[in-house]
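So the structure is just underneath, and the comments pick up after that.
The values are calculated or read from the model by the stated rules, or taken from the named source; none is laboratory data. Quantities reported herein were computed from a predicted structural model and do not represent experimental measurements. Cβ sites come from the backbone with ideal geometry, for glycine too, and all protein chains shown count toward neighbours. Side chains included, ligands, DNA and RNA excluded: accessible areas come from the protein's heavy atoms. Shrake-Rupley method; radii C 1.70, N 1.55, O 1.52, S 1.80 Å.
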Amino acid sequence: MKTSRELLLSHARHSLQEQHLPRITQCLKKLSEEQIWWRPHPTSNSAGNLVLHLAGNIRQWIISGLGGEPDRRERDKEFAEVGPIPRRSLIRHLERTVAQACRVISTLSPEDLTRQRHIQGFRLKGFTAVIHVTEHFAYHTGQIIYVTKLLRGVDLKFTRLPGEKVESRRKRKLSQV
C-alpha cells in the first residue's frame, strides 16, 4: 500500500505530465502562431505567455525551490513577451521543464516535504510547494483551453458528460459527419 507521501507525489507527477501538459500541447497545436500570442486586451495574457509563466513557476518552485538548482527566474519577462516564439519551441521548453520537475518530485523524501523553504518570497513546506505548483498548473491549463475554444470554436474533447461512455461519444461524432 502506498503512503500518503507516495500518493501525493504520484498524483502531482500524473497531473502535470499526463493530464495537463498533453492538453496544453494539443491546444498549442490547434492554434496558429499568431493565435498563440493573441491577447483579448493589453492587460491579458496570451497562451504563449501562460506557457512561459508555467515553465517559470515550475522551475522556481520545484526545480530550484525543492531541487536546489539556482533560481534565475525573471517573472515579469514571462508576461511581457509578445512573441512570436515558435510553437515547437514553447512545447519543447514546457515538456523539458515538466520532465525535470517530475524527476525532482519523484526524489522527495518525507523530510524534503516537511522542511521549511523560502520560495518566491514565501516561507512554506515542501509539500505546500508541490500542491501549489500542481494547482497553479491546472488553473492556467484551463485558461489555455478556454482561449483555444474561444479562438477555434471547437470541442477539444477533453471531458465527457457524466455517464457518457466513450463509445457513445464516437457514435455521436460519426453521426455528425
Furthest towards positive pole of dipole, Q35, N45, S109, structure part the chain, Cβ charges
Q35
What is the dipole size for segment 64-151, taken about its Cα centre, with +1 at each Lys and Arg Cβ and -1 at each Asp and Glu Cβ, in debye to the nearest 20?
140
Percent carbon-and-sulfur accessible area, the chain, ignoring ligands, DNA and RNA, probe 1.4 Å:
52
How high is the relative contact order of the chain, in percent, with contacts defined as C-alpha pairs under 8 Å that are six or more residues apart?
30
Long-range share for the chain, i.e. C-alpha pairs more than 22 Å apart as a percent of all pairs, stands at 50
Considering the dipole of the chain built from charges on the beta carbon (Lys and Arg +1, Asp and Glu -1) around the Cα centre, which of H93, L150, Q17 is farthest to its positive end?
L150
For segment 143-148, Karplus-derived ³J(HN,Hα) couplings (6.51, -1.76, 1.60; θ = phi - 60°; whole Hz; x for glycine and proline) come out as 5, 5, 4, 4, 4, 5
Computed helical MRE - 222 nm, the chain, DSSP H runs ≥ 4 contributing -39500 (n - 2.57), nearest 500
-18500 deg cm²/dmol
Residue-wise, which Karplus ³J(HN,Hα) couplings in Hz belong to segment 7-19, taking 6.51 cos²θ - 1.76 cosθ + 1.60, θ = phi - 60°, and x for glycine or proline?
5, 4, 5, 5, 5, 4, 4, 4, 4, 5, 8, 9, 9
Please give me the summed charge of the neighbours of A129: other residues whose Cβ is under 15 Å from its Cβ, Lys and Arg +1, Asp and Glu -1.
+3
Output ordering of 80-86, 128-134 (per-residue mean of other Cβ within 10 Å, highest first) is 128-134, 80-86
Given the peptides 12-19, 54-61, 152-159, 117-124, arrange them by the average over their residues of other C-beta atoms within 10 Å, most packed first.
54-61, 12-19, 117-124, 152-159
Hand me the tally of lysine pairs in segment 1-160: alpha carbons under 29 angstrom apart, and the pair either on different chains or 8 or more positions apart.
10
Tell me the per residue accessible area of segment 1-57 using a 1.4 Å probe; a whole number in Å² is fine.
51
Let's see if you can work this out: charge +1 on each Lys and Arg Cβ, -1 on each Asp and Glu Cβ, no other charges. What is the dipole magnitude of the chain about its Cα centre, in debye to the nearest 20?
680
Relative to the chain, whose Cα atoms define the longest principal axis, helix 47-58 and its Cα axis are tilted in degrees, nearest 10, by 20
